[in-house]
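Right, one structure below, let's go through it.
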There are 2 protein chains.
Amino acid sequence: MANIFEVPKPGNDLLEKADQVRLASIKIGQTENQKRIKALNFMADYLEKNTNEILEANSEDYKRAEKKGISKALLSRLKLTKEKLNSGIDGVRKVGELSDPVNQVQIKRELYKGLILERKTVPVGVIGVIFESRPDAVMQISSLAVRSGNGVMLKGGSEANLTNTAIVNALQQGLYESGIDKNAICLLTSRKDSMSMLNLENYINLIIPRGSNELVKFIQENTRIPVLGHADGICHLFIDNEANLEMALSVALDSKIQYPAACNSIETLLVHKDIASVFLEKAIPLFNANDVKLIGDKRSVELGLTHEASLEDWQTEYLDLILSIKIVDDLDEAISHIQKFSSKHTDGIITENSSTANKFMNIVDSAGVFHNCSTRFADGFRYGFGAEVGISTQTLPPRGPVGLEGLVTYKYFLKGDGNIVDYFSSGKAIYTHKDL
Amino acid sequence: MANIFEVPKPGNDLLEKADQVRLASIKIGQTENQKRIKALNFMADYLEKNTNEILEANSEDYKRAEKKGISKALLSRLKLTKEKLNSGIDGVRKVGELSDPVNQVQIKRELYKGLILERKTVPVGVIGVIFESRPDAVMQISSLAVRSGNGVMLKGGSEANLTNTAIVNALQQGLYESGIDKNAICLLTSRKDSMSMLNLENYINLIIPRGSNELVKFIQENTRIPVLGHADGICHLFIDNEANLEMALSVALDSKIQYPAACNSIETLLVHKDIASVFLEKAIPLFNANDVKLIGDKRSVELGLTHEASLEDWQTEYLDLILSIKIVDDLDEAISHIQKFSSKHTDGIITENSSTANKFMNIVDSAGVFHNCSTRFADGFRYGFGAEVGISTQTLPPRGPVGLEGLVTYKYFLKGDGNIVDYFSSGKAIYTHKDL
């Protein structure tokens, strides 16, 4: 938190921009569902029309980045092929097909004859997005913001500035064409602005970071604006002694190798001591065959692992083909280990004993608690949300994978015909509290 | 945020206590609804049995506080009469009658045959409560915590230590009698502990402050634990030129005087210029007759007000029989003023024109937007929640008056029969996403 003082104060330019977005967000927040859908279609149309411009901007960005000697991984994320762009455009149209998250009535209650309370969903306001590379993120997050009636301030990596600018131009043309204030989507292109954004608590209602754990952690520690996201994803799978062995092997493998760079991949496998020898006998060659490096505690080294784990291993999100293994005496030890090291993202158990599974799922305090399935299912699309805005590992809602629901809040609307509280306090009337 | 370093690190004693509460909270979080209801009844029984003890402790506290020369307002809040205690005991039993907030299924969805996702409410974990005087708060908040399966760490004002200790003893006896770990309710009695609590982010999941604006602000600025509550309550009422005059007078008066110390009372009245002269002609004598001091802008002084307002007035929560009045040109100016000065608690409009009302309610970004009724209705009990845990003025949920719902969160439970993601990614299976 000491870092807060390093975040620069927003300059007048930025404040002016932020004010424009805020004003535009109030307007887009009032628009009908159909108008927002129309805007998304126009946005997709203009991305199509401007395809050449966008791809040219991207090859220029790419050339400059190459010259600068940027890492291959970053270069490949920066590269926008025609296919990637088309799939992004498809994505924008698909967001239009999601059901409207705004104006959903959550409570409608008569407090007294003629005094009606409604709790309805409303847009959050202005969303700040800070992301690294991946110009496709601009299309995705902007369309989600428009779908939910929000304004958005975007700050991408400087290596993608030309691409991001070309994309945002197209998106703004689409907004304009549909009669929505184009300032509802705003791109910041200087690094200074990016950090100053963290001090715009009077303009930005929610920050969504898209990038490395370090970026997310920095943002969480340097802003008073709520942040939707998570830094670490240290997920565990516990193989109980009553596990089906084949299932345990298959789910453990999928949870690790299906996409090791994802936050919902496991980093640590906990194995019940009574099944450890049989399990490892099959697991070691299986993981070896899939290029997974295994690192284990003393007991698992005794059973054949070649690398011994240090305390740091239990705390590390490898995001790679590396897996730490610990042999535990029982369910309680597995739960204790998870309580100590889990980042509260997703933790699973493999067992045929449903009371063991229930105990595990009830006690483990993570956003997702899984029984007999891969941790890789922890994902907004797989959950059927149609979109994923982020995954939250905080205890309070929103928690776990968050869909469009994460971009709206609610407001209480109370309509009366002159009602006053004194009338009730003095006993002249009694609340009816009738749900309508 | 600079103050964070002044909050003392928790000592070993406090960490040990916090760990006991955390362990007890895991246990109470697993209990059945009926068991928690039983516990509440036992808690009420023991408060009854220990009535003499509690009242004696309170008169001792009172005597000591009197000697110390504590303010009359504080003394009257500290005083626990038999009636106050009985009404607190009634309150504990009534909390048992509220419907169970835990284990509520919010989503139940088949992702694929045999792969079932459930989103269910679960207790938040451990709630930290910091309150000033008012020993009745101990009974209320402890019973809400038990109802929702949470552990609670309480820190009251030191002037009520004996009373609070006697009450917590009774509550713990009740827990014990019903077979629940008595550590689920824990009272801290030293001021040092109170502030160190703010650094217990690994033990406490939510902090609820009950006290002055200054206390709340200090807590919000000095902890990374989520805080449920609000500091200021600067509420506005706008009298439109198309208002029903009688209604405007009656609602304005109720919004100010029905209980001026409440956060949902208005501090500022905004009056449309076209109705200002007629309105003030009746309002000035009416408010005068009710001992309300009126402070106004230039134009309202020209219309008869005797005190002129400064910038500070628009920023002040008087919590007293004082009201600031500003004459505005139109709806837009009223909305601008509210956007600038409202604490986003509750703001209302009086008008017979429903499109004006809708515009006001849609644009004003406060937890409560009211039309033709008193702002004093912004309250959990009046909304029919059966309880009020706090009122939140943040944009993201929970927002506005928060009932028991504010003490639970949710978790995703996914149960399969060995499902792996590769099966879907490789096209061998397609998600069904069927709500059950």
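The values are calculated or read from the model by the stated rules, or taken from the named source; none is laboratory data. What you are looking at is a predicted structure, and each value in this text was computed from that prediction instead of being measured. Quick reminder, even Gly has a Cβ in these numbers, built from the backbone with ideal geometry, and neighbours come from all protein chains shown.
Whether a residue is more than 23 Å from A:Glu132 (Cα to Cα), out of contact with any helix residue (DSSP H, G or I) (no Cβ under 9 Å at 6 or more places or on another chain) and crowded, with 18+ Cβ neighbours inside 10 Å was assessed, and A:Asp313 passes this test. For region A:356-397, the set of residues classified as more than 8 Å from chain B (Cβ to nearest Cβ) and either touching a helix residue (DSSP H, G or I) at 6+ places or on another chain (Cβ under 7 Å) or part of a helix (DSSP H, G or I) (or both) consists of A:Thr356, A:Asn358, A:Lys359, A:Phe360, A:Val364, A:Thr375, A:Ala387, A:Val389, A:Gly390, listed by residue number.
Yes/no matrix, rows are residues, columns are (1) under 18 Å from A:Cys263 (Cα atoms); (2) out of contact with any Gly (no Cβ under 6 Å at 6 or more places or on another chain); (3) of a type outside the set (A, V, I, L, M):
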| residue | (1), (2), (3) |
| --- | --- |
| A:Ala334 | no, yes, no |
| A:Thr351 | no, yes, yes |
| A:Ser366 | yes, yes, yes |
| A:Asn372 | no, no, yes |
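Answer with yes or no whether A:Gly114 is at pLDDT 95 or above, small (Gly, Ala, Ser) and surrounded by fewer than 14 Cβ atoms within 10 Å (Cβ to Cβ). Considered against the rule, which asks whether it is at pLDDT 95 or above, small (Gly, Ala, Ser) and surrounded by fewer than 14 Cβ atoms within 10 Å (Cβ to Cβ), A:Gly114 comes out as yes. Here A:Lys411 passes the criteria (1) more than 9 Å from chain B (Cβ to nearest Cβ); (2) modelled with pLDDT of 95 or more except the one numbered (1). The set of residues in region A:403-436 being of a type in the set (Lys, Arg) and part of a strand (DSSP E or B) consists of A:Lys411, A:Lys415, A:Lys434.
Output yes when any residue across region B:49-64 is under 27 Å from the mean Cα position of the chain (by Cα) and exposed (fewer than 13 other Cβ atoms within 10 Å of the Cβ), and no when none is. No, region B:49-64 contains no residue that is under 27 Å from the mean Cα position of the chain (by Cα) and exposed (fewer than 13 other Cβ atoms within 10 Å of the Cβ). Number of residues in region B:65-74 that are without any contact (Cβ under 8 Å) to a residue 24 or more places away in the chain and either surrounded by 15 or more Cβ atoms within 10 Å (Cβ to Cβ) or under 23 Å from the mean Cα position of the chain (by Cα) (or both) equals 1.
Consider region B:114-170. How many of its residues are away from every other protein chain (no Cβ under 14 Å) and in a strand (DSSP E or B)?
Of the residues in that region, 7 qualify.
Inspect all residues belonging to region A:49-64 and state whether any of them is of a type in the set (S, T, N, Q), outside any helix (DSSP H, G or I) and touching a residue at least 24 places away in the same chain (Cβ under 8 Å). Within region A:49-64, one or more residues are of a type in the set (S, T, N, Q), outside any helix (DSSP H, G or I) and touching a residue at least 24 places away in the same chain (Cβ under 8 Å). Against the criterion of being acidic (Asp, Glu), modelled with pLDDT under 95, in a loop (DSSP other than H, G, I, E, B) and surrounded by fewer than 19 Cβ atoms within 10 Å (Cβ to Cβ), A:Glu352 does not qualify. Is region A:93-108 home to any residue that is charged (D, E, K, R) and part of a strand (DSSP E or B)? Looking for residues that are charged (D, E, K, R) and part of a strand (DSSP E or B), one finds at least one in region A:93-108, hence yes. Looking only at residues of region B:414-436 that are touching a residue at least 60 places away in the same chain (Cβ under 8 Å) and closer than 26 Å to A:Phe238 by Cβ, we find that the one that is farthest from the other protein chains (Cβ to nearest Cβ) is B:Ala429. Looking only at residues of region A:224-264 that are facing chain B (nearest Cβ under 10 Å) and among the polar types (S, T, N, Q), we find that the one that is nearest to the chain's Cα centre (by Cα) is A:Asn264.
Evaluation of B:Leu311 against the conditions (1) touching a residue at least 60 places away in the same chain (Cβ under 8 Å); (2) under 30 Å from B:His230 (Cα atoms); (3) not small (Gly, Ala, Ser) shows that the sole unmet condition is (1).
So that you can scan it fast, the table gives a plain yes or no per residue for (1) of a type in the set (D, E, K, R); (2) in contact with a helix residue (DSSP H, G or I) (Cβ under 6 Å, 6 or more places away or on another chain):
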{"site": "A:Asn199", "(1), (2)": "no, no"}
{"site": "A:Val216", "(1), (2)": "no, no"}
{"site": "A:His230", "(1), (2)": "no, no"}
{"site": "A:Leu237", "(1), (2)": "no, yes"}
{"site": "A:Leu245", "(1), (2)": "no, no"}
{"site": "A:Val251", "(1), (2)": "no, no"}
{"site": "A:Asp274", "(1), (2)": "yes, no"}
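Return a yes/no flag: does region A:26-34 have any residue that is more than 14 Å from every other protein chain (Cβ to nearest Cβ) and either modelled with pLDDT under 95 or assigned to a helix (DSSP H, G or I) (or both). Yes, some residue in region A:26-34 is more than 14 Å from every other protein chain (Cβ to nearest Cβ) and either modelled with pLDDT under 95 or assigned to a helix (DSSP H, G or I) (or both). Close Cβ contacts (under 9 Å, 6 or more residues apart or on different chains) running from residues in region B:339-359 that are closer than 8 Å to B:Asn372 by Cβ to residues that are of a type in the set (Lys, Arg) comprise B:Ala357/A:Lys415. With respect to the stated conditions, A:Asp90 fails to be touching a residue at least 60 places away in the same chain (Cβ under 8 Å) and either among the aliphatic types (A, V, I, L, M) or away from chain B (no Cβ under 14 Å) (or both). Of the residues making up region A:394-412, one or more are over 24 Å from B:Arg109 (Cβ atoms) and touching a strand residue (DSSP E or B) at 6+ places or on another chain (Cβ under 8 Å).
Identify the single condition in (1) in contact with a Phe, Trp or Tyr (Cβ under 6 Å, 6 or more places away or on another chain); (2) within 11 Å of chain B (Cβ to nearest Cβ); (3) assigned to a helix (DSSP H, G or I) that A:Ala334 does not satisfy, given that it satisfies every other one. Just one mismatch for A:Ala334, condition (2).
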